[in-house]
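First comes the structure, then the notes that go with it.
The values are calculated or read from the model by the stated rules, or taken from the named source; none is laboratory data. This structure is a prediction, so every number in the text was calculated from the model and none was measured. Here the Cβ is made from the backbone with ideal geometry for all residues, glycine too, and neighbour counts use every protein chain on show.
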Amino acid sequence: MLNISHNRLNQKVDISGYKSGKKVFHKRHYKHFNRFLLGLSLFGIFILFLPWTQNISGNGFLTTLKPDQRPQTIQSPIPGRIEKWYVQEGDFVEKGDTILFISEIKNEYFDPKLVERTGAQIKAKAMSVVSYEEKVKALNNQIRALGQERSLKLQQAKNKLLQARLKVQSDSIDLQAAKTNINIAERQYDRVVQLEKEGLKAVTDVEGKRLKLQETQAKLVSQENKLLASRNEIINATVEINRVGAEYTDKISKAQSDMYTAQSSQFNSEAQVTKLENQYANYEIRNDLYYIKAPQSGFINKAIQAGIGETFKEGDRLVGIMPSNYELAVETFVRPIDLPLINLGEKVRIQFDGWPAIIFSGWPNVSYGTYGGVVVAIETFISDNGKYRVLLAPDPEDHKWPTGIRVGSGANTIALLEDVPIWFELWRQLNGFPPNYYKPTSTTAKVEKK
């Protein structure tokens, strides 16, 4: 009631006479109520000094510890068309089991005998390589034969040159003898002419000496011609040597050119054979890719491409599979401000969706229905949701996780930190301060030891 007037009603009206007033204003109720308030205050003060475990809460979901154990989709590395399904959703398949069969949609692979024809091309090209090898061998033999023939021809030409030089020497000696003979013949002729003038020789003797002188002069001219002819033979022999060298160099060069051309064709054929062998192997592997097989044992979750005759591109998802053997883990997300407080090997409490639990985040020993976890991985880059991803594995020192949980279900996590009084935690929460930063020495030692 508002005190608008200065007239106080409680001073004019006595309410103690009423039944309700008697119960309220009894002194015994004041005594019990004061004791209750005192006890409640003492209990509240006592609670403020109780230990409270600081914690970091996070939300996540169940996943697997190893990447190859997580749900995956099977893709086809080649484009194709679905022809036949061998499984249905929910079936269990072993590793290597055929899931579906696809056919080709690219026109360059339509030929049903593509592999056989490619093999025939490889054989033909291989025979071409053998032919070029034999041609190279024949040309090498021809080059060796030309080299030997050139050596013999050059030796023959050198012998002719040597003969010509010896003949020049012989003709030079004969020329000197002819010159000597003509000198003798000239002196004899002059002497006979002088004696004929003195009347000591007849004219017949003079004519005989003149004839002999002419014959000697003719021999000198003939010998000079022979010497010149011998010298020409030396020149001809030298020219022949050069001609033989040039001729066989040209023949050997032509044979070598043909050999290099054959070798080039051989190498080109070998490259084509290698390319065809590569295509042959690719075609064989491509034929095996028509059968989409299970990469590991697991359960078929969902057929993403379902219809018969439906086409798809390379890399398109065809079917989802869940591995049968996996190790459960929890993928949780924490705020960036709390990330420095998370350490490898640190203990974490987990509450799974669908499993009843009574949680006291600050008193983990009092909580019920939570399970233990250990930090095994901390992401170093922020996720799309603005938080950092932390991976938790089952704690071997705690009781086992429930067998009924499945990959993908939700989970709430509580990372246990340092023990502080409740009053300190209330003060921290009211001021928005982060939990106390600390690094557990025992856990860090274990991680570094591993």
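Yes or no: residue 174 at pLDDT 80 or above, in a helix (DSSP H, G or I) and surrounded by fewer than 13 Cβ atoms within 10 Å (Cβ to Cβ)?
The answer is no for residue 174.
Among the candidates 219, 209, 254, which residue alone is outside the structural domain of residue 94 (by TED's automatic domain parsing), basic (Lys, Arg), exposed (fewer than 15 other Cβ atoms within 10 Å of the Cβ) and assigned to a helix (DSSP H, G or I)?
Every option except 254 fails the conditions.
Please give the number of the condition residue 106 fails out of (1) exposed (fewer than 12 other Cβ atoms within 10 Å of the Cβ); (2) closer than 30 Å to residue 262 by Cβ.
(2)
Which number in (1) of a type in the set (D, E, K, R); (2) part of a helix (DSSP H, G or I); (3) touching a helix residue (DSSP H, G or I) at 6+ places or on another chain (Cβ under 6 Å) marks the one condition that residue 201 misses?
Of the numbered conditions (1) of a type in the set (D, E, K, R); (2) part of a helix (DSSP H, G or I); (3) touching a helix residue (DSSP H, G or I) at 6+ places or on another chain (Cβ under 6 Å), the odd one out for residue 201 is (2).
For residues that are over 18 Å from residue 84 (Cβ atoms) and outside any loop (DSSP other than H, G, I, E, B), tally how many sit in region 303-320.
The qualifying residues number 2.
Scanning for something closer than 13 Å to residue 58 by Cα and charged (D, E, K, R), does region 396-404 turn up at least one residue?
No, every residue in region 396-404 fails to be closer than 13 Å to residue 58 by Cα and charged (D, E, K, R).
Pick out the one residue from 110, 61 that is among the aromatic types (Phe, Trp, Tyr), touching a strand residue (DSSP E or B) at 6+ places or on another chain (Cβ under 6 Å) and either in the same structural domain as residue 406 (by TED's automatic domain parsing) or modelled with pLDDT under 90 (or both).
Answer to the selection: 61.
Got a sec? Which of 321, 304 is surrounded by fewer than 16 Cβ atoms within 10 Å (Cβ to Cβ) and touching a residue at least 24 places away in the same chain (Cβ under 8 Å)?
Only one candidate qualifies: 304.
Write out, first by first residue and then by second, each pair whose Cβ atoms fall under 7 Å of each other, whose residues are 6+ apart or on separate chains, and whose first residue, in region 229-246, is farther than 15 Å from residue 166 by Cβ while the second is basic (Lys, Arg) and in a helix (DSSP H, G or I).
240/160; 241/158; 244/150; 244/153
Restricting region 384-424 to residues that are at pLDDT 85 or above, touching a Ser or Thr at 6+ places or on another chain (Cβ under 9 Å) and part of a strand (DSSP E or B), which is farthest from residue 373 (Cα to Cα)?
388
If only one of 284, 277 is exposed (fewer than 15 other Cβ atoms within 10 Å of the Cβ), in contact (Cβ under 8 Å) with a residue 24 or more places away in the chain and charged (D, E, K, R), which one is it?
Exactly one residue qualifies, and that residue is 284.
Taking interchain pairs and intrachain pairs at least six residues apart, which have beta carbon atoms under 6 angstrom, with the first residue in region 156-171 and touching a residue at least 60 places away in the same chain (Cβ under 8 Å) and more than 15 Å from residue 242 (Cβ to Cβ) and the second among the small types (Gly, Ala, Ser) and in a helix (DSSP H, G or I)?
Close Cβ pairs (under 6 Å, with a partner that is among the small types (Gly, Ala, Ser) and in a helix (DSSP H, G or I)) amount to 167/230; 168/230.
Over 60 Å from the mean Cα position of the chain (by Cα), closer than 30 Å to residue 254 by Cα and surrounded by 12 or more Cβ atoms within 10 Å (Cβ to Cβ): does that describe residue 163?
No.
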